[in-house]
Amino acid sequence: MRLFTFSEGTSLLVLPFEYSHYLTLTSASPEGAKPAPRLIHADLLPAGVLISGRFEATLRNHNLVPYAIAQLGSTISIKDEFAVKGIHLPNDTAPHPGATGREDAAQGLAYIEGGFVPIAEAKISVLDFGFTRSDATYDVVHVWQGRFFRLEAHLERFYASMRSLRLAPRESRAEMRAILIECVRRTGLRNAYVAMVCTRGQPPAGSRDMRLCRNQFIAYALPFVWLATPERQERGIHAIVSTYARIPARSVDPRVKNYHWLDLVQSQWQAYDRGA
């Protein structure tokens with residue numbers, strides 16, 4: 001990312017803490033800057049750049065998105081944007097719920113078919129093999145207090161699942177990362193449930209050849225979802241041992257996250273029936 005800024009006083013460019021460990025300052029032009037630009041660290045990680053005067057730099061980390069400016073008696077501007085398959089994601093200086101132009105963004109936001117839509121408008125075709133055959137994989141990463149939890153590890157597992165199922169969507173890993181970040185940023189959520197999904201897609205008309213499907217990447221962010229509420233966690237929960245056996249590993253690799261959930265659904269009904 002190229003940054004071109006000027007500050008008459010001293011300004012602090014604040015970096016997203018979750019991604020700051022990827023940061024390297026590869027070039028800078030500190031002429032006229034007093035003092036010279038320098039990295040500010042927090043808990044041993046780069047957390048911002050303190051600048052004064054003219055500042056030109058290339059910041060590289062996996063799609064770094066500056067999202068806050070702490071102004072110390074001065075003004076600063078950022079002129080940069082990156083694109084995801086023709087979808088421009090502006091590097092605004094603060095997350096805001098109305099980034100989609102809709103008041104319900106905080107209820108959830110999705111990326112599907114190359115664009116961002118409110119979660120209620122996110123839909124796939126009934127002919128998508130992900131729907132008709134459960135031919136899909138997914139992963140879920142949490143955002144807590146404004147920070148992703150091990151985003152790179154979740155992306156790596158998601159990619160391993162896609163490789164196993166021979167899924168290859170058009171979005172690159174870097175683009176997926178940027179899309180996940182953008183879904184959260186546009187909602188303004190501090191605590192979020194963030195999903196990444198890849199479906200087989202829809203075959204051409206008159207064909208059922210899955211090799212001809214265009215694989216589809218979907219991402220969405222929702223307010224954080226508890227499997228057991230904090231109150232239930234405090235007092236404890238009831239459980240049963242179901243009579244339904246899980247799908248064996250020789251049939252479906254359990255390392256590939258999937259939606260083959262009917263055995264789990266039947267087990268959950270069994271738990272409900274027994275008061276668990």
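Annotations for the structure displayed:
- Each residue of the stretch 197-206 was assigned a 3J(HN,Hα) from its phi angle through the Karplus expression (A = 6.51, B = -1.76, C = 1.60, θ = phi - 60°), giving 9, 10, 9, 5, x, 9, x, x, 4, x Hz with x at Gly and Pro.
- Taking Cβ atoms as reference points and 13 Å as the exclusive limit, the residues near Phe131 contribute a net charge of +1, counting Lys and Arg as +1 and Asp and Glu as -1.
- Around Ala228: net Lys/Arg minus Asp/Glu count, Cβ-Cβ under 14 Å: 0
- Exposure proxy shown here: for Phe148, Phe131, the number of other Cβ atoms within 10 Å sets the order, fewest to most, as Phe131, Phe148.
- Taking a Cβ cut-off of under 14 Å around Thr199, the surrounding Lys, Arg, Asp and Glu residues balance to a net charge of +2, with basic ones at +1 and acidic ones at -1.
- Relative contact order for the stretch 111-178: 18 percent, from Cα pairs under 8 Å spaced at least 6 residues apart, divided by residue count.
- The average projected area of the stretch 160-238, computed from the convex hull of its Cα atoms over all directions, is 8.4 nm².
- The slack between Leu262 and Ala168, meaning 0.36 nm per residue of separation minus the straight C-alpha distance, is 31.2 nm.
- The stretch 128-202 pair-distance distribution - Cα-Cα, 5 Å bins, rounded %: 3, 15, 26, 23, 17, 11, 5, 0
Bear in mind these aren't lab numbers, they're just calculated from the coordinates by the rules spelled out. Fair warning: this is a prediction, and the values are worked out from it, not measured in the lab. Positions of Cβ are generated from backbone atoms using ideal geometry, with glycine treated the same way; all protein chains shown enter the neighbour counts.
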